[in-house]
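The structure follows.
Just so you know, all these numbers are worked out from the coordinates, no wet-lab data involved. Please read these numbers as outputs of a predicted model, since none were measured by experiment. Quick reminder, even Gly has a Cβ in these numbers, built from the backbone with ideal geometry, and neighbours come from all protein chains shown.
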Amino acid sequence: MFDQSSKPRIFGMPPGIDFAESLVRGLENRCGDYNPADWARVEIFVNTARMQRRIRAVFDAGPARLLPRIRLITDLADDPLSLGVPPAVSPLRRRLELSQFVAKLLESQPDLAPRAALYDLSDSLAKLMDEMQGEGVDPDVLVNLDVTDQSGHWERALAFLRIITPFFNRADQAPDKEARQRLVVENLSKVWSDTPPEHPVIIAGSTGSRGTTALLMQAVSKLPQGAIILPGFDFDLPPKVWDGMTDDLKFEDHPQFRFRRLMELIGFAPQDVAEWEQTRPANPKRNALVSLSLRPAPVTDQWLTDGPTLGNLLEATRDVTLVEAPSPRAEAETIALRLRQAVDDGITAALISPDRTLTRQVAAALDRWDITPDDSAGIPLALSPPGRFLRHVADLFGKPLTGEALLTLLKHPLCHSEHPDRGAHLRHTRELELHLRRNGPAFPDAQALLAWANSAEGRSVWADWLVAHMTDLEVDTDRPLSERLERHIALAEALAAGPNGIDAGGLWAKNAGHEAQRICGQLQDAADAGGVMNAREYASLFAGVMNDGVVRDRDAGHPNILIWGTLEARVQGADLTILAGMNDGVWPEAPAPDPWLNRVMRAKAGLLLPERRIGLSAHDYQQAMGGADIWITRSKRSADAETVPSRWVNRLVNLMKGLPAQNGEAALHAMRARGDHWIEIANALSSPKDRTPPAPRPSPCPPPSARPDQLSVTQIKTLVRDPFAIYARKVLHLDPLDPLTPQADAPLKGIIIHKILELFIRNGHGPNDRDALLAIAEEEFTANCPWPTVRAQWMSRFRQIADAFLADEADRQAKARTIKTELWGETKVGASGVKLTCKADRIDLTETDEALIYDYKTGAVPTKPQQESFDKQLLLEAAMVTRGAFTAIGPKQVQAAAFLGVNAAMKTSAAPLDTHPPEKVWAELQQLFEAWGQHKRGYTARLALFSKTEVSPYDHLSRYGEWDTSQDPESEKLT
């Protein structure tokens, strides 16, 4: 195939060439006279499975022939020459083994890191090991680094780094995957140096960015028929730039820097790189423009000298569109619209972006036209239905069961799946949810679930199944990983099967289920290396393992609408290429933080610098920019801030702006104009043609017969301040939905303290019975506040106010002959016929048979002006007492009434009975009810709330937000 040469055979393809098609064309040009056996002896190494499939697909297009051996570089681990190297240990097992050492280190030095980070630390150490083994860096190199200028952080990091030392160069244990790959490549290089193969051996499409791959490329370059084909080689880069790229710290982020390192390793110069075949890029002038824009920062002054040689930039950018959308959503919708057009045009379109959130938004927008893109990355297993279900089940162990956790699982589509009576399961789930919202408890147990089941027929079998599997999981001790995994999978399968189901329902079905089962199988195989762990550590470990799984379905997507990762831009071509998410921090991605080594230390140790990833991303960008039709898209704002354009887009824009003589500004304007045109179309498509006018401020007027005939004294305040809330609750009978998980909030605290004081008074205790008060408080907080931390806080605060309460209670009991608590009262109000009800916290009777009314307040105590205008609870209670509404005490004169603050302030606020005596208050109430009995009186939303920030539980029903309180209400008579 190749002529004899004393120099390495290095070929390159310029950016934008379809690598697979060009590779096959070059082989055909060189092997046209080969017989079938010769074709079969050609050996080609590629670095991704997708590239392997793509090359085979090009060969499959014809003519018929025997295929060359197309192998992955990683397949060398299966080469017969590798039989002498022990099999590699699974990456998961190695991480579990590391976790045991990390756990022991954290036990001896707890200040190094929290135990919750156990698996994350082990995973990070394993990745560092892989990198060191791939680059041939011995642990002693790290230990002996000169760190005199570093902080004390290095000593803490070194404690962890010493953990990995025993895993290097040990003959008594299996090597890691990267270590074994390097051993195989080294052995193969030795064999080839003694007996080189005579058939062609080609490495195609690799940049040699990893040490082991670079060693293989070095070995192949020395073979009699060895060759290397570099993807996206920049033939426009002048020799002076190549010669100047010598400093890793300065030039690592340049797209061609990895080739410069390869030149030093193999021994060739830029002029030694020949074109693999004569196919030209779609627009060579654009390639030259992009190449100049990406010149290394130290030599960007060359823009001034080389820029004028680019020629007319209108021609270079004729097929480039720049989309600068106002938001990520607008960007996604604009891209989706262009992909929709590509379907109509019958062309292939590739969306390339490292931003997985953006690509998912584009896929969701394409769903409008029933287009499912072919997403090469698939979806993370952890986000698939089986992945979510298994993670939810793992989170059940070692903690009390909450209503939220229970219903999250019960509502999951895999729970009780593939069963004919799943409708009954969903009905029971809905009924249980309503019960838990209304009645609790905060942490459902077997007793509570069985009590609910016994309250209606047809629930017993389902509830028994629930109780058998979902309760008593909080009692959990440290267990071996294998036992934890077994319990976890057994519980997940039982929940997926349902009460009468078999096997595991749909848990392990379809692609996602198969992948989940594979990952669980890997964990099971390596479980003996995991040691003993608690439930929390297991949940963290399992979530981390799930993140390694990916669910793909190559047959589900549209064949012409493709979503690629940045790596795939190197090896494939499309009629339309969309580079999306071109903002700094997205493309290129910000380097991941390294907990072990900084840039200088990495450079000294011979490890990869963070800029390496930026350089590879820049190379992917340069490759993609060589396509036929290019879109560059970005959003000007993220969810909360202005964005910064990608450094490569900035460079391109700045270069073009500085070349007016070459029509740079006009070309840039044309690029943006094409993008703005598509943004406008997408915006028009997403905007409703006929906008619905905003809702007016409601003031419904139901007929008098439909109006409430019973109100409590506390609801009078609501009637005055927010009448719409009374309409929604009393007329429409809509009650706010209680939260699924009760919270330790102020209302709950108030209920408990009211109960404490009621029991204290009812049991006949006096101001000297402090121990009795605290004993009752301890009992009530324990029974009704299931959150230990909050319970302790509330009990502590109650102890602090107990003395002040008892001191005031001495004065109250000195005035009282009889004390009544929790009294029920009701009476009709004049001609309106409305019944007024009240449950009084406490009414004391004096020696003169007069009433003293008290109401406990654990929150803010109403002031005198508030009581006079809005909060008339005590004034109304006094009026009811004088009319004998409380049958337990009969009609009484009211001597005084007061709100008693039971909080840190312990403030008391007396009712203004002197200015608002019961007769006056009652007359005002009659007038109020008579006015509300008229059909024209509307229940206005948010009529007189205390502040604009106050939230009404019926704001969503009144569509508050479409109107505000400055608008006059619109009355609507209802019949």
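Around D176, under 9 Å between beta carbons, what's the net of Lys plus Arg minus Asp minus Glu among the other residues?
Around D176, the charge tally is +1.
Among all the lysines, which ones have a C-alpha under 22 Å from K636's C-alpha, if same-chain residues fewer than 8 places away are not counted?
K657
All other residues with a Cβ under 13 Å from the Cβ of R672 taken together, and with Lys, Arg as +1 and Asp, Glu as -1, what is their net charge?
0
In the range 663-698, whose amide N lies under 18 Å from the spot 7 Å out along Cα-to-Cβ of R368? List them in ranges.
Answer for this model: 675-692.
Could I ask something else about it? Taking the Cβ-Cβ separation of L265 and T300 as r and a Förster radius of 25 Å, what is the calculated FRET efficiency to the nearest 0.05?
My answer for the efficiency is 0.35.
Debye calculation, C-alpha points only, no solvent: report log10 I(q)/I(0) for the chain at q = 0.08 Å⁻¹, in the same order as the q values.
These q points yield log10 I(q)/I(0) values of -1.00.
Give the angle, between 0 and 90 degrees and rounded to the nearest 10, that separates the Cα long axis of helix 788-815 from the longest principal axis of the Cα atoms of the chain.
Between helix and principal axis, roughly 20 degrees.
Can you run the Rg to Rh ratio on the range 156-283? Use alpha carbon positions and the Kirkwood inverse-distance Rh.
1.05
Which listed residue (A628, F542, G244) has the Cα farthest towards the positive end of the charge dipole for the chain, taking +1 on Lys and Arg C-beta and -1 on Asp and Glu C-beta about the Cα centre?
A628
Once Lys and Arg get +1 and Asp and Glu get -1 on their Cβ, which of P328, C785, P723 lies farthest toward the positive end of the dipole of the chain?
P723
Less than 29 Å apart at the alpha-carbon level, and either on another chain or at least 8 residues along: which lysines does that give for K749?
K399, K717, K730, K815, K820, K839, K857, K864, K872, K907, K948
What translational diffusion coefficient, to the nearest whole µm²/s, does the range 4-43 have by Stokes-Einstein, given a Kirkwood radius computed over alpha-carbon pairs, a temperature of 10 °C and 1.306 mPa s viscosity?
132
A further question on this structure: Using the 10 angstrom Cβ neighbour count as an exposure proxy, how do C701, C520 rank, fewest first?
C701, C520
If the only charges are +1 at each Lys and Arg Cβ and -1 at each Asp and Glu Cβ, what is the size of the charge dipole of the chain around the Cα centre, to the nearest 20 debye?
Dipole magnitude for the chain comes out near 1340 debye.
Which trypsin sites (Lys or Arg not before Pro) from the range 165-265 combine a DSSP loop assignment with at most 11 other Cβ atoms within 10 Å?
Those satisfying the criteria are R170.
Sticking with this one: Give, in nm to one decimal, the length gained when the segment between Q447 and N187 is fully stretched (0.36 nm per residue of separation minus the Cα-Cα distance).
86.9 nm
Quick one: if the Förster radius is 51 Å, what FRET efficiency do T887 and A792 give, using the C-beta to C-beta distance and rounding to 0.05?
0.80
Just need log10 I(q)/I(0) for the range 492-558 at q = 0.17, 0.24 Å⁻¹, Debye formula, equal scatterers on the alpha-carbon atoms, no solvent, rounded to two decimals.
Computed log10 I(q)/I(0) values: -0.78, -1.11.
For the range 381-551, with the dipole built from +1 on Lys and Arg beta-carbon atoms and -1 on Asp and Glu ones, taken about the Cα centre, which of L409, F389, L436 lies farthest toward the positive end?
My answer, from the dipole projection, is L436.
Moving on to the next point. Compute the whole-percent fraction of alpha carbon pairs in the range 242-289 spaced more than 17 Å apart.
50
Assigning unit charges at the beta carbon (Lys, Arg +1; Asp, Glu -1) and nothing else, what dipole magnitude in debye, to the nearest 20, does the range 742-810 show about its Cα centre?
For the range 742-810, the charge dipole is close to 200 debye.
Sticking with this one: When L928, L322 are ordered from fewest to most other Cβ atoms inside 10 Å of their Cβ, what list results?
Listed from fewest to most nearby Cβ atoms, that is L928, L322.
If you average the C-alpha positions of the range 155-219 and of the range 372-418 separately, how far apart do those two centres end up, in angstrom?
If you average the Cα positions of each part, the centres end up 39 Å apart.
Set the Förster distance to 51 Å, then compute FRET efficiency between L249 and L737 from the Cβ-Cβ distance, nearest 0.05.
0.30
Does anyone have the angle between helix 918-932 and the longest principal axis of the chain? Alpha-carbon axes, 0 to 90°, nearest 10?
Rounded to the nearest ten degrees, it is 50.
If each residue of separation counts as 0.36 nm, what is the full-extension length gain between A543 and A468 once their alpha-carbon separation is subtracted?
Separation in residues times 0.36 nm, less the Cα-Cα distance, equals 24.5 nm.
Add +1 for every Lys or Arg and -1 for every Asp or Glu among the other residues with Cβ under 14 Å from the Cβ of A330, and state the total.
0
OK, next. Just tell me which lysines come within less than 19 Å, Cα to Cα, of K222; anything on the same chain fewer than 8 places away is out.
K7, K190
Where the centroid of each part is defined by its Cα atoms, how far is the range 519-534 from the range 251-312 in Å?
Measuring centre to centre over Cα atoms gives 49 Å.
Taking the Cβ of each residue in T782, T882 as the centre, tally the other Cβ atoms inside 10 Å and list the residues starting with the fewest.
The order, fewest Cβ neighbours first, is T782, T882.
Note the per residue figure in Å³ for the convex hull of the C-alpha positions in the range 91-173.
About 103 Å³ per residue, rounded to a whole number.
May I ask you to evaluate 6.51 cos²θ - 1.76 cosθ + 1.60, the Karplus curve with θ = phi - 60°, for each residue of the range 848-854 and list the ³J(HN,Hα) values in order in whole Hz, giving x for glycine and proline?
Once rounded to whole Hz, the list reads 8, 6, 9, 9, 10, 9, 10.
Something else now. Once phi is turned into θ = phi - 60°, what whole-Hz ³J(HN,Hα) does the Karplus curve with 6.51, -1.76 and 1.60 give for every residue of the range 629-641, x standing for Gly and Pro?
Whole-Hz 3J(HN,Hα) from phi for the range 629-641: 10, 10, 10, 10, 10, 7, 10, 6, 10, 8, 5, 9, 7.
For helix 19-30, report the angle its Cα long axis makes with the longest principal axis of the Cα atoms of the chain; keep it between 0 and 90° and round to the nearest 10°.
So the helix axis and the longest Cα principal axis differ by about 10 degrees.
Considering every Cα-Cα pair within the range 381-551, what fraction, in whole percent, is farther apart than 19 Å?
That fraction is 56 percent.
Under a point spin-label approximation (7 Å from Cα along Cα-to-Cβ), what is the V951-T714 distance to one decimal in nm?
That separation, rounded to one decimal, is 1.9 nm.
Against the 2.2 N^0.38 Å scaling, with N counting residues, where does the range 28-79 land? I'd like the Cα-based Rg ratio to two decimal places.
1.18
Okay, moving on. Suppose every Lys and Arg Cβ carries +1 and every Asp and Glu Cβ carries -1, with no other charges. What dipole size does the range 139-257 come out with about its Cα centre, to the nearest 20 debye?
That gives the range 139-257 a dipole magnitude of about 440 debye.
What order do you get for 352-365, 432-445 when each peptide is scored by the mean count of other beta carbon atoms within 10 Å, highest first?
Going by the mean number of other Cβ atoms within 10 Å, highest first, we get 352-365, 432-445.
Give the residues of the range 906-921 whose amide nitrogen is closer than 20 Å to a point set 7 Å from the Cα of T863 in the direction of its Cβ.
Under cut-off, by backbone N: 906-916.
Using each residue's phi in the range 574-583, evaluate 6.51 cos²θ - 1.76 cosθ + 1.60 at θ = phi - 60° and report the 3J(HN,Hα) Karplus result to the nearest Hz, with x for Gly and Pro.
My calculation for the range 574-583 gives 8, 5, 10, 10, 10, 9, 10, x, 7, 10 Hz in order.
Another question, then. Once you place label points 7 Å from the Cα toward the Cβ at S638 and V343, how far apart are they in nm?
That separation, rounded to one decimal, is 3.1 nm.
Could you list which residues have their amide H under 5 Å from that of R71, counting only those 5 or more apart in sequence or on another chain, with H placed in the peptide plane?
Amide H to amide H, under 5 Å and 5 or more residues apart or across chains, R71 pairs with I44, F45, V46.
Let me ask something additional. Given the alpha-carbon gyration tensor of the range 739-810, what are the semi-axes of its equivalent ellipsoid in whole angstrom, ordered largest first, with each equal to the square root of 5 times an eigenvalue?
Ellipsoid semi-axes (Å, largest first): 23, 12, 10.
Out of residues 5 or more away from S699 or on other chains, whose amide H comes under 5 Å of its own, with H placed 1.01 Å from N in the peptide plane?
The answer is E970, E972.
Roughly how many nanometres apart are two label points built 7 Å out from the Cα toward the Cβ at R552 and K907?
6.7
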